[in-house]
Amino acid sequence: MESVTNGVELPAPYPLAKQHKAIVPGKASSRLIVAQFRSYVRELSNFFHMQLNWLVNKHPTILKNSRELVARIEGVVPLGQECFLDSAEVTALYPSMDQNTTMDAIQWFMDTHCNSRFPTETKRFILIILKFVLTETYMRYDGTLFFLEQISSSAMGVISSVCCGNSYLQYCERKVLVIWKARITLYKRFLDNVALQWKGTLLELV
Amino acid sequence: MYFKGLEKWVNFFRKEQRAKMLNATDMQMARANLPSESYMVNLFHFLAEAGIHLVKTDKNAGSLAWSRELHHEQTMIHLNDANTYQRIEFHSDGSPITARKIFEDFILRFDKEMAECTKDLPGLIIAARKLR
C-alpha cells in the first residue's frame, strides 16, 4: 500500500443507508459518501464553506429548522383565508448538480447577494478554490486495486457541498419564485426539502 | 391561531421520530440479517431512547449495521456508475497512478492558478499560502 500511496492519503468512499429504500440485491439503497478528512482539498473546501455558507444561509428561502417553519406558518396565514400547504423534495440533488452550473450559481450568488462584500479579485479567488474542490475528488476504495475520480456533480461528504447545493437551488429557483410571487405566501427549503404555502387554486399548483 | 395544535407539533414530531428511529434500527438489522441482540443495536436503541438525534437511523445506524458484503456491494454499485466515477490507472504521462503523483499534479496546478490570481494582492497571497 505504501508504495502505491507513498504517504499521501486519498478519501475512501463508503455507503450510507437510505432508510426508505428496501435493499434489493444489485440495486442502490444508499448514498455514497466520500469522507473528506483524508482529502488534500479539505482545507480548500473548509475555506469555501467558511466564506460563503453563512451568507447563503441568510437567504430568505433557507429554512434553519422545523421550529422556524412552524413559526413562519403561524405568522403568514391570515385568519379565514384558504390556502394550500405543500411539501416537495428535490430528487438526487447532489448527483444532479452540474459542476459548471454550480460555479455559475456561486458566481451569481456573490454578485447579487453579498452586498459588494467580495471585490472582483476575491470572487475569482473563491471560484478557483471551488473549482479545485469540485474537480479534485479522487478516492481509493480498499476493496479494489484501482483509483477513482469523481467526474461530475459535488461529492457527498465534502463540507462545501451543502453551501453549493443551497446556492445551486437558489439559482434555479430565482425566476420561478418571481413569476409565482403573488401566489406564494411561504417558500422555505431545508436543502432539498421544500415547504410551500400556496394562495391560489389547486390546478395552478399542480 | 389558524392551525390548531401547531404549538404542540414539535413535541409530537420528536416522539414520532424517536419511535421511527427505534423501528428503523430493527428493520435495518433484520434486512442485514444480523443478530438482533448485538452491541450496535443496543447502542442505537439507547441513544434513540435518550432522544439523541445525532445518530439517526436513516442516516447512520442503518449502514453501520450492514454486513461487510453488503457494504462492498453497495459501494461498488455506486462506483460502477461511469457517468459519475471514472477509474484511473495511469497518469497523462503514461506512468502508473499513485496518490503521491495525483497530489503533486494538484500542487503544480494550484500554485500556477494561485500565482495568476493573487498577483500583487498580499491578502490573497497569504490566503493561498495557508490553503496550500
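The values are calculated or read from the model by the stated rules, or taken from the named source; none is laboratory data. Just so it is clear, the model here is predicted, and its values are computed rather than measured. Positions of Cβ are backbone-derived with ideal geometry, glycine not excepted, and every protein chain shown enters the neighbour counts.
State whether one or more residues within segment A:187-198 are more than 14 Å from chain B (Cβ to nearest Cβ) and surrounded by fewer than 16 Cβ atoms within 10 Å (Cβ to Cβ).
The answer is no, given that none of the residues of segment A:187-198 is more than 14 Å from chain B (Cβ to nearest Cβ) and surrounded by fewer than 16 Cβ atoms within 10 Å (Cβ to Cβ).
Has segment A:111-129 got any residue that is under 25 Å from A:Pro13 (Cβ atoms) and surrounded by 14 or more Cβ atoms within 10 Å (Cβ to Cβ)?
So far as segment A:111-129 goes, yes, one or more of its residues are under 25 Å from A:Pro13 (Cβ atoms) and surrounded by 14 or more Cβ atoms within 10 Å (Cβ to Cβ).
Of all residues in segment A:91-106, which are touching a residue at least 40 places away in the same chain (Cβ under 8 Å) and part of a helix (DSSP H, G or I)?
Passing the criteria: A:Leu93, A:Tyr94, A:Pro95, A:Ser96, A:Gln99, A:Thr101, A:Thr102, A:Asp104, A:Ala105, A:Ile106.
Would you check which residues across segment A:43-58 are surrounded by 15 or more Cβ atoms within 10 Å (Cβ to Cβ) and modelled with pLDDT of 85 or more and list them?
So in segment A:43-58, the residues surrounded by 15 or more Cβ atoms within 10 Å (Cβ to Cβ) come out as A:44-49, A:51-53, A:55-56.
Once the filter is applied, which keeps residues that are surrounded by 15 or more Cβ atoms within 10 Å (Cβ to Cβ) and modelled with pLDDT of 85 or more, segment A:43-58 yields A:Leu44, A:Ser45, A:Phe47, A:Phe48, A:His49, A:Gln51, A:Leu52, A:Asn53, A:Leu55, A:Val56.
Only one of (1) modelled with pLDDT of 90 or more; (2) within 11 Å of chain B (Cβ to nearest Cβ); (3) surrounded by fewer than 16 Cβ atoms within 10 Å (Cβ to Cβ) fails for A:Asn100. Which number is that?
A:Asn100 satisfies all of (1) modelled with pLDDT of 90 or more; (2) within 11 Å of chain B (Cβ to nearest Cβ); (3) surrounded by fewer than 16 Cβ atoms within 10 Å (Cβ to Cβ) except (2).
Name the residue that is farthest from the other protein chains (Cβ to nearest Cβ), counting only residues in segment B:82-97 that are surrounded by 14 or more Cβ atoms within 10 Å (Cβ to Cβ) and part of a loop (DSSP other than H, G, I, E, B).
Out of the qualifying residues, it is B:His91.
Assess whether A:Leu10 counts as being at pLDDT 85 or above, within 7 Å of another protein chain (Cβ to nearest Cβ), touching a helix residue (DSSP H, G or I) at 6+ places or on another chain (Cβ under 6 Å) and within 16 Å of A:Leu134 (Cα to Cα). Quick ask: steps written out before the conclusion?
Values: at pLDDT 85 or above: yes; within 7 Å of another protein chain (Cβ to nearest Cβ): yes; touching a helix residue (DSSP H, G or I) at 6+ places or on another chain (Cβ under 6 Å): yes; within 16 Å of A:Leu134 (Cα to Cα): yes.
When the stated conditions are applied, A:Leu10 passes them.
Could you check A:Thr185 against (1) assigned to a helix (DSSP H, G or I); (2) modelled with pLDDT under 90; (3) in contact with a strand residue (DSSP E or B) (Cβ under 8 Å, 6 or more places away or on another chain) and say which number it fails?
Failing condition for A:Thr185: (1).
Which residue, of A:Ser39, A:Ser66, A:Ser29, is modelled with pLDDT under 85, facing chain B (nearest Cβ under 8 Å), touching a helix residue (DSSP H, G or I) at 6+ places or on another chain (Cβ under 9 Å) and surrounded by 19 or more Cβ atoms within 10 Å (Cβ to Cβ)?
Sole residue among the options that is modelled with pLDDT under 85, facing chain B (nearest Cβ under 8 Å), touching a helix residue (DSSP H, G or I) at 6+ places or on another chain (Cβ under 9 Å) and surrounded by 19 or more Cβ atoms within 10 Å (Cβ to Cβ): A:Ser29.
Can you find even one residue in segment A:114-126 that is part of a helix (DSSP H, G or I) and away from chain B (no Cβ under 14 Å)?
The answer is no; no qualifying residue exists.
I need the full set of residues from segment A:127-170 which are assigned to a loop (DSSP other than H, G, I, E, B) and hydroxyl-bearing (Ser, Thr, Tyr), in order please.
Listed by number, the residues that qualify are A:Thr137, A:Tyr141, A:Thr144, A:Ser152, A:Ser153, A:Ser154.
Could you go through segment B:66-77 and let me know if any residue there is in contact (Cβ under 8 Å) with a residue 12 or more places away in the chain and among the aliphatic types (A, V, I, L, M).
yes
Hey, can you tell me all the residues within segment A:134-177 that are closer than 19 Å to A:Thr102 by Cα, within 14 Å of chain B (Cβ to nearest Cβ) and of a type in the set (D, E, K, R)?
If the condition is that a residue be closer than 19 Å to A:Thr102 by Cα, within 14 Å of chain B (Cβ to nearest Cβ) and of a type in the set (D, E, K, R), then A:Glu136, A:Glu149 are the ones that fit.
Let me confirm something: among B:Ala99, B:Ala128, B:Ala115, B:Ala82, which residue is at pLDDT below 95, of a type in the set (A, V, I, L, M), more than 24 Å from A:Ile151 (Cβ to Cβ) and out of contact with any Cys (no Cβ under 9 Å at 6 or more places or on another chain)?
Being at pLDDT below 95, of a type in the set (A, V, I, L, M), more than 24 Å from A:Ile151 (Cβ to Cβ) and out of contact with any Cys (no Cβ under 9 Å at 6 or more places or on another chain) holds for just one of B:Ala99, B:Ala128, B:Ala115, B:Ala82, which is B:Ala115.
Anything in segment B:110-122 that is more than 8 Å from chain A (Cβ to nearest Cβ) and either touching a residue at least 40 places away in the same chain (Cβ under 8 Å) or in a helix (DSSP H, G or I) (or both)? List them, or say none. I'd like the intermediate steps shown before the answer.
Initial filter on segment B:110-122 (more than 8 Å from chain A (Cβ to nearest Cβ)): B:111-112, B:115-116, B:119-120, B:122.
Within segment B:110-122, B:Asp111, B:Lys112, B:Ala115, B:Glu116, B:Pro122 qualify.
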